[in-house]
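**Student:** Here it is, the structure, as structure tokens.
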Amino acid sequence: MKFGVVVFPGSNCDDDAYHAVGAVLGEHVEFLWHRSEQIPGCDAIILPGGFAFGDYLRTGAIARFSPVMRAVERFARRGGLVLGICNGFQILLEAGLLPGAMLRNRDLRFICRHVHIRVENTDTSFTCAARAGQVLKVPIAHMEGNYFCDPETLADLERNRQIVFRYTTPEGRLEDSANPNGSLAAIAGICNRERNVMGMMPHPERAVEAPLGSADGLVIFRSMVESLTRHQTGSNAEVKASVPA
């Protein structure tokens, strides 16, 4: 299978995502420049963290109009896996591929440290290798990570089980002190209704090896590989079944 990591001017976690998928998991991965209009042969796309276009105007607002995003949108509509990390999450929100918006952190300060997030559901292509309620230790690094949406959207997210991660204590408790940026309902990550597009503010690609302080982020990437493998196996089985004996 093949992963594509999109590179925008100002991306600074593209190499980390490339390393996590290519060096740690041993999967085929390629960089995709933001001006690319095609994403040929990709099974999954990662929009990495950073400061796309310097985050001028509004986080993700300019990157949303990069030519590659038209291809990403088509890819997502066809059911392709798309993971947006930090700035990538912000871009997905601006592109309308996920609902809601990002506000400045509650304390109006840039935050860079490890946090704990709880896996809220495992029926997504990004958490199928995790356990429901599992607590992951992963780093954050952002200024605008305060997720917000209107009450109707929040109700939809809850009803459709689209909230994938919440900020918690190391023991998995929801406490205001464990919510680093003031996100509504302690939301750290959400997916679309179809469950093939996910955005998260924490950086799993920075938590894939023990020397980094945690390898918990691997569960996200392993889930994607597992999901893609199951899909490809199922597709091959359908093809074989359709061939006359």
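**Student:** What is the magnitude of the charge dipole of region 2-242 about its Cα centre, with +1 placed on the Cβ of each Lys and Arg, -1 on the Cβ of each Asp and Glu, and no other charges, expressed in debye to the nearest 20?
**Tutor:** Dipole magnitude for region 2-242 comes out near 220 debye.
**Student:** For a quick check, take a GNM of the chain with Cα springs below 10 Å and name the residue from Ala210, Ala44, Ala61 with the largest mean-square fluctuation.
**Tutor:** In the Gaussian network model the winner is Ala210.
**Student:** Okay, next question. Mind pulling the angle between the C-alpha long axis of helix 218-242 and the longest principal axis of the chain? Nearest 10 degrees, somewhere in 0 to 90.
**Tutor:** For 218-242 against the chain, the angle is about 30 degrees.
**Student:** Determine, from the Cβ-Cβ distance of Lys2 and Ala185 and an R0 of 30 Å, the FRET efficiency 1/(1 + (r/R0)^6), rounded to the nearest 0.05. It would help to have the intermediate numbers written out before the result.
**Tutor:** Values: r = 35 Å, r/R0 = 1.17.
Efficiency, rounded to the nearest 0.05: 0.30.
**Student:** If R0 is 35 Å, what FRET efficiency do you get for Asp150 and Ala210 from their C-beta distance, rounded to 0.05?
**Tutor:** Calculated transfer efficiency: 0.25.
**Student:** Using only DSSP helix segments of four residues or longer, with each worth -39500 (n - 2.57), what per-residue ellipticity at 222 nm results for the chain after dividing by its residue count and rounding to 500?
**Tutor:** Computed ellipticity for the chain at 222 nm equals -7500 deg cm²/dmol.
**Student:** Beyond 22 Å, what percent of the Cα pairs of region 41-148 remain?
**Tutor:** 37
**Student:** Related question: Given a 10 angstrom Cα cut-off, can you work out which residue in Cys191, Cys86, Cys42 is the most mobile in a GNM of the chain?
**Tutor:** Cys42
**Student:** Of the chain, which part is the longest with no GluC sites (Glu not before Pro) in a loop (DSSP not H, G, I, E, B) and with at most 13 other C-beta atoms within 10 angstrom?
**Tutor:** Counting at most 13 other Cβ atoms within 10 Å as exposed, the longest clean stretch of the chain is 38-170.
**Student:** Farthest toward the dipole's positive end in region 2-242, which of Pro170, Leu228, Asn181, given Cβ charges of +1 (Lys, Arg) and -1 (Asp, Glu) about the Cα centre?
**Tutor:** Selected residue: Leu228.
**Student:** Follow-up. What number, in percent, do you get for the relative contact order of the chain if the mean sequence gap of Cα pairs under 8 Å and at least 6 apart is divided by its residue count?
**Tutor:** Across the chain, relative contact order equals 19 percent.
**Student:** In addition: For region 2-242, what is the percent of antiparallel DSSP beta bridges, rounded to the nearest 5?
**Tutor:** Just about 60 percent of them are antiparallel.
**Student:** Follow-up. Using the basic label-point model (7 angstrom from Cα toward the beta carbon), what is the Leu174 to Thr229 distance in nanometres?
**Tutor:** 3.4
**Student:** In region 63-120, which trypsin sites (Lys or Arg not before Pro) fall in coil by DSSP and have 14 or fewer other Cβ atoms within 10 Å?
**Tutor:** Working: sites: Arg64, Arg70, Arg74, Arg77, Arg78, Arg104, Arg106, Arg109, Arg113, Arg118; in loops: Arg78, Arg104, Arg106, Arg109.
Hits after loop and neighbour filter: Arg78, Arg109.
**Student:** Now for a separate question. Once the principal axes of the Cα atoms of region 108-214 are found, what is the range along each, listed largest first in whole angstroms?
**Tutor:** The Cα atoms of region 108-214 stretch 39, 34, 23 Å along the principal axes, largest first.
**Student:** Over all distinct alpha-carbon pairs, what is the Kirkwood Rh of the chain in angstrom?
**Tutor:** When all Cα pairs of the chain are included, the Kirkwood radius is 17.9 Å.
**Student:** Springs between alpha-carbon atoms under 10 Å, Gaussian network over the chain: tell me which of Pro211, Pro99, Pro170 tops the mean-square fluctuations.
**Tutor:** Judging by the Gaussian network model, the answer is Pro211.
**Student:** Please give, to one decimal in nm, the separation of the simple spin-label points placed at Glu194 and Arg161, each 7 Å out from Cα toward the Cβ.
**Tutor:** 2.0
**Student:** FRET efficiency for Arg131 and Arg109, Cβ-Cβ distance as r, R0 = 45 Å, nearest 0.05?
**Tutor:** Plugging the Cβ-Cβ distance into 1/(1 + (r/R0)^6) gives 0.85.
**Student:** Tell me which of Ala17, Gly80, Tyr56 sits at the most positive position along the dipole axis of region 1-147, charges placed on C-beta atoms (Lys, Arg +1; Asp, Glu -1).
**Tutor:** Tyr56
Taken together, the values in this text are just the output of simple stated rules run on the coordinates, not laboratory data. Predicted, not measured: the structure shown is a model, and the values here were computed from it. Methodologically, a virtual Cβ is constructed for each residue, glycine included, from the backbone with ideal geometry; neighbour enumeration extends over all protein chains shown.
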